[in-house]
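A.B. asks: Provided herewith is a single structure, encoded as structure tokens, for subsequent inquiry.
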Amino acid sequence: MFRHCLRAFVRLASTREFQVPVKTTHRFYVKLVGGGTVLYQLSLFGFGGSRKPDIESADTWMAKPITDLKYLQENNHDMKCRVEAMIMRIQAEFCHALEKEEEEEGGKKFLVDKWERDQGGGGITCVLQDGTVFEKAGVNISVVSGILPPSAMQQMRARGKKFEGEKVKFFAAGVSSVIHPKNPHIPTVHFNYRYFEVEAENGEKQWWFGGGTDLTPNFLEEEDVVHFHKELKKACDRHDKKLYPKYKKWCDDYFFVTHRGERRGVGGIFFDDVDEPTADKCFDFVTGCADSVIPSYLPLVQKHKKDLYSYKEREWQLLRRGRYVEFNLIYDRGTKFGLYTPGARFESILMSLPLNARWEYMHKPAPGSKEARLVDVLQNPRDWI
């Protein structure tokens, strides 16, 4: 029955199938594409059946997890273990999908670098550098614990967190990625999904989730931006239709390069301190958002990776990357927290920086140019859907 339905959809679209490369125990997407526009997405996990536990995908992960695999399997009820298994799966799926794009062009594979932190925990940094499609692609996971440093506590208290005492234990786990493609017509994408748990000196525990996905193009292709936002909205709407507009605005406000008076890109979603209605529902929401990265971004890579571009367009790409660097080093809260944390691994934290960037004194795009059109959108965010 399913096969007949799928064939009917394909005939109606009169198009080709697009399959996102995912391992057998993971999501499986089929897209019906017509005239370059995604018309429909079908998930085999959308028919009311329960989603398979992330731990079942362990044979596809990029490396052994930070926590012993047997412990993760035996404690799959513990949110810390569930989050670690989820981010391991997300990292692997995204790396495999990007590697497939590289392999098709005779490119490279990810370097997998597993590291440990003396104060507790560690991470797995996957970097693809100087590839054919991707100039620099990084997909990190970190699972760390210890005592919150004073600078991090100050940041959290400024956001309304209240802790008793000065020795607060913490656990943090997250997946983070920044992709800088070679072709100026492929946008840069960033996503980060994380879980935080703290325990004060009096034994009181608090937890919350945070994260988001955002797009930074060098040239404005409205069709691409609309597709990207539709996929993120779809992920949010499965839980509450009020979430996308709220988190879309939050994203526009957060990724603001104040001294330039412009946003870093064309937005997406961003949220933090999510701790209701329940831990399970928050986990499901964040997992759904993380799962939306591949269908929101990979079609844009495939659409533009063979586009021709000029020297002038490459120079503009490098200038835009300079603005990207400015935001990450001056404003980004995650970068600051990482750098302030004792035992921080600076190579992994600064993975988000591009291989090449450019700063040009008093540069302004010519009025009416496609570069000026992008800057106008960065200064005046739009509602894309």
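A.B. asks: Could you name the lysines whose alpha carbon sits less than 28 Å from that of K161, not counting residues in the same chain fewer than 8 places away?
C.D. replies: K80, K169, K205, K241, K242, K246, K248, K249, K281, K336
A.B. asks: If Lys and Arg each add +1 and Asp and Glu each add -1, what is the summed charge of the other residues whose beta carbon sits under 10 Å from the beta carbon of E204?
C.D. replies: On the way: positive: K162, K205; negative: E164, E199, E201.
Once positives and negatives cancel, what remains is -1.
A.B. asks: I want to check the label-to-label distance for D307 and K370. Put each point 7 Å from Cα in the C-beta direction and report it in nm to one decimal.
C.D. replies: Placing both labels 7 Å beyond Cα along the Cβ direction yields 0.6 nm.
A.B. asks: Quick one: 3J(HN,Hα) in Hz for the stretch 277-294, Karplus 6.51/-1.76/1.60 with θ = phi - 60°, rounded, Gly and Pro as x.
C.D. replies: x, 9, 4, 4, 5, 5, 4, 4, 5, 5, 4, x, 5, 5, 5, 7, 5, 4
A.B. asks: Measure off 7 Å from each Cα along the Cα-to-Cβ vector at Q129 and E164, then give the distance between these two points in nanometres to one decimal.
C.D. replies: Distance between label points: 4.7 nm.
A.B. asks: Let me ask you something else. Which residue fluctuates most in the GNM of the chain (Cα springs below 10 Å): A366, A58, A200?
C.D. replies: A366
A.B. asks: Another question, if that's okay. Along the stretch 301-313, what does the Karplus equation 6.51 cos²θ - 1.76 cosθ + 1.60 (θ = phi - 60°) give for ³J(HN,Hα), rounded to whole Hz, x for Gly and Pro?
C.D. replies: For the stretch 301-313, the Karplus curve yields 4, 5, 5, 10, 5, 10, 5, 6, 8, 9, 4, 4, 5 Hz.
A.B. asks: While we're here: Want the number for K109 to A279: 0.36 nm per residue separation, take away the alpha-carbon distance, what's left? Provide the component values of the computation, followed by the final result.
C.D. replies: Numbers: separation 170, 0.36 × 170 = 61.20 nm, distance 3.58 nm.
Taking K109 through A279 to full extension adds about 57.6 nm, to one decimal.
A.B. asks: Return the long-range amide H neighbours of F134 (sequence gap of 5 or more, or a different chain), with a cut-off of under 5 Å between placed amide H atoms.
C.D. replies: The list, which skips near neighbours in sequence, is K182.
A.B. asks: Same structure again: Mind computing the radius of gyration and Dmax over the alpha-carbon atoms of the stretch 206-314? Å is fine for both.
C.D. replies: My reading of the Cα-based Rg and Dmax gives 15.6, 52 Å.
A.B. asks: Can you classify the stretch 246-385 as rounded, prolate or oblate using the Cα gyration tensor, where a ≥ b ≥ c are the square roots of its eigenvalues, rounded means a/c under 1.5, and otherwise it's prolate if a/b beats b/c and oblate if not? Present the calculation step by step, with values, prior to reporting the outcome.
C.D. replies: Numbers: a/c = 1.70, a/b = 1.41, b/c = 1.20.
Cα axes put the stretch 246-385 in the prolate bin.
A.B. asks: While we're looking at this one, here's another question. Using a/c under 1.5 as the rounded threshold, could you call the stretch 301-376 rounded, prolate or oblate? The axes a ≥ b ≥ c are square roots of the C-alpha gyration tensor eigenvalues, and prolate needs a/b larger than b/c, oblate otherwise.
C.D. replies: Values: a/c = 2.78, a/b = 1.83, b/c = 1.52.
Since a/c reaches 1.5 and a/b is larger than b/c, the shape of the stretch 301-376 is classed as prolate.
A.B. asks: Please list the equivalent ellipsoid semi-axes of the stretch 181-269, computed as the square roots of five times the alpha-carbon gyration tensor eigenvalues, in descending order and whole angstrom. Could you put the intermediate results ahead of the total?
C.D. replies: Details: eigenvalues 173, 57, 31 Å².
Ellipsoid half-lengths, sorted descending, are 29, 17, 12 Å.
A.B. asks: Next question, about the same structure. By the scheme Lys and Arg +1, Asp and Glu -1, what is the net charge of all other residues having a beta-carbon under 14 Å from that of F171? Write down the numbers at each step before the final one.
C.D. replies: Working: positive: K80, R82, R117, K169, R194, K205; negative: D78, E84, E197, E199.
Around F171, the surrounding residues sum to +2.
A.B. asks: Classify the chain as rounded, prolate or oblate, taking a ≥ b ≥ c as the square roots of the eigenvalues of its Cα gyration tensor: rounded when a/c is under 1.5, otherwise prolate if a/b is larger than b/c and oblate if not. Provide the component values of the computation, followed by the final result.
C.D. replies: Values: a/c = 1.56, a/b = 1.16, b/c = 1.35.
Oblate is the answer for the chain, as a/c is 1.5 or above yet b/c matches or exceeds a/b.
A.B. asks: A further question on this structure: Under a GNM of the chain (C-alpha, springs under 10 Å), which listed residue has the highest mean-square fluctuation: G267, G165, G334?
C.D. replies: Of the options given, G165 has the highest mean-square fluctuation.
A.B. asks: Continuing with the same structure: Starting from 0.36 nm per residue, how many nanometres of slack lie between L350 and R51 once their C-alpha separation is accounted for?
C.D. replies: Values: separation 299, 0.36 × 299 = 107.64 nm, distance 3.39 nm.
This chain segment gains 104.3 nm when fully extended.
A.B. asks: Provide the gained length on full extension for the span V325 to M362, in nm with one decimal, where the gain is 0.36 nm per separating residue minus the Cα-Cα distance.
C.D. replies: On the way: separation 37, 0.36 × 37 = 13.32 nm, distance 1.71 nm.
Separation in residues times 0.36 nm, less the Cα-Cα distance, equals 11.6 nm.
A.B. asks: With θ set to phi - 60°, apply the Karplus curve 6.51 cos²θ - 1.76 cosθ + 1.60 along the stretch 98-115 and write out the HN-Hα couplings as whole Hz, x wherever there is a Gly or Pro.
C.D. replies: 3J(HN,Hα) across the stretch 98-115, in whole Hz: 5, 4, 5, 5, 5, 4, 5, 10, x, x, 10, 10, 6, 7, 9, 10, 8, 9.
Any read-out appearing in this document is the output of simple, stated calculations on the displayed coordinates, not a laboratory observation. Predicted, not measured: the structure shown is a model, and the values here were computed from it. For neighbour counting, all protein chains shown are included, and Cβ atoms are generated from backbone atoms with ideal geometry for every residue, glycine included.
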